[in-house]
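*Asks:* Here it is: the structure, laid out below.
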Amino acid sequence: AVFDQLSTGLEEAWTKLRREDVLTRENMKEPMRDIRRALLEADVSLPVVRRFVNSVSEKAIGTGVIRGVKPDQQLVKLVSLMGGDAVSIEFAKVPPTVILMAGLQGVGKTTACGKLALFLKKKDKSCIMLATDVYRPAAIEQLVTLGKQMEVPVFEAGNQLSPVEIARKGLSEAKKKGVDVVIVDTAGRLQVDKGMMNELKQMKQVLNPTEIFLVVDAMTGQEAAALVAAFNLEVGLTGAILTKLDGDSRGGAALSIKEVSGKPIKFIGEGESMTALEPFYPDRMASRILGMGDILSFVEKAQEVMMQEEAEEMQKKIMEAKFDFNDFLKQTRMMARMGSMGGMLKFIPGMNKVSPLQIREAEKSLKVMESMINSMTPEERADPELLTKSPSRRRRIALGSGRTQEQVSQLVSQLFQMRARMKNLATLMQGGKVPGLDN
Ligand code: GDP
């Protein structure tokens, strides 16, 4: 997954540094060399790495060490400076706020439009999306489908009007409807060309957008930062959205973009699902790069999808070892709401090295489990004992879900294993001892 390479390279330097109390020229030398190498390997551009290393040395040594601050914390802070401050979306004083989305073909622009609409919807902002990619009917269709999926209106006119005319009409439609935000999907080209730039400039004139985002693909590495710089010169941007950070890219782009173009990354995309969009936090990215796992984002995401009450109820059940199939289902649904399992795992220290294949396997087996639970009666879900006693019930569930009876039996015994493990955990948490465990 992304940043793995970076993390591995830095882990050593990191461990060394953590043992120190303060940063000195001496103890910074080796870690800085490792960091420099790791950043270069991650495809962060050379000038950026140079500037970074210089500024760290200056800050750490020139102005003296910040006493009382652990070197690891200090380093995270310094690395995060490379990404600038976190900046959120800007809204127009008089709605609607117009967000113009630009980008080359295939970078994930249309997907990002949908993700952004969902993100805003969760923040109680009403949206409309404008489909102006008149050169590719498939792109319009794709946006319409996403709109339906998320119940966000889409304004389109097929290829009967020019992009600029669609923009004009769409905007007046948005004003009529009184929506808060207009998200404009524009045509992408395979390469930067005059036509695309001119079209964007015209759209900009007509729409007077508050935000102009360039969507860039993290897989393109340093090219992404260069593109942001180029578009910014031509059209003027307010920021970038970096997509496909879940892929096998080395991710150096996340650290280069601000330095190279002067424009911040506002959002990052980490998957194909509509929920896989997050505001970009340079400090979190920095700590992730330094191999600590991004606990903060993880907790925040978990809180977002899990209601407080639900969480407490779940905890109570775990403590009392009463976890049943309803809870099981709730948990898997929660995970689905949190985005892909891969996205979740990378927040957990040490877990960012789980392979995409392992993750896909796990996700698949969760789906299988879910199908079987869906074939259970409410009583069976709440009282799994019913299933241990009755082969005919297990047979019925197998038939209903298209699985084998063995799979059903397996699921049932898995639940009881989980209960047992949870009981042990609960005993531990209450300060008791668990037989058979070194505690
Ligand atoms: P566009 O041509 O720029 O509009 O690109 P699309 O939105 O059609 O996306 C191109 C492909 O990239 C689609 O298959 C998307 O599902 C995929 N995609 C978009 N964003 C992400 C992302 O953050 N992660 C991954 N893995 N795939 C993405």
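*Asks:* Tabulate in residue order the Karplus-calculated ³J(HN,Hα) for the stretch 370-379, using 6.51 cos²θ - 1.76 cosθ + 1.60 with θ = phi - 60°, rounded to whole Hz; enter x for Gly and Pro.
*Replies:* 4, 4, 6, 4, 5, 8, 8, 7, x, 5
*Asks:* Tell me the label-point distance for the pair L190, K169, using the 7 Å Cα-to-Cβ offset, in nm and rounded to one decimal.
*Replies:* Placing both labels 7 Å beyond Cα along the Cβ direction yields 3.0 nm.
*Asks:* If you don't mind, another one. Using θ = phi - 60° and the Karplus relation 6.51 cos²θ - 1.76 cosθ + 1.60, list the HN-Hα couplings for the stretch 413-423 in order, rounded to whole Hz, with x at every Gly or Pro.
*Replies:* Once θ is set to phi - 60°, the couplings for the stretch 413-423 become 5, 4, 4, 5, 4, 4, 4, 4, 5, 5, 5 Hz.
*Asks:* Moving to a separate point now. Rounded to the nearest 0.05, what FRET efficiency do E151 and L40 give with R0 = 35 Å and r taken as the Cβ-Cβ distance? Could you check?
*Replies:* FRET efficiency, E151 to L40: 0.15.
Quick note: the coordinates plus some simple rules give every number you see, no bench work behind them. What you are looking at is a predicted structure, and each value in this text was computed from that prediction instead of being measured. Ideal geometry is used to build each Cβ from the backbone, glycine not excepted, and the neighbour counts take in all protein chains shown.
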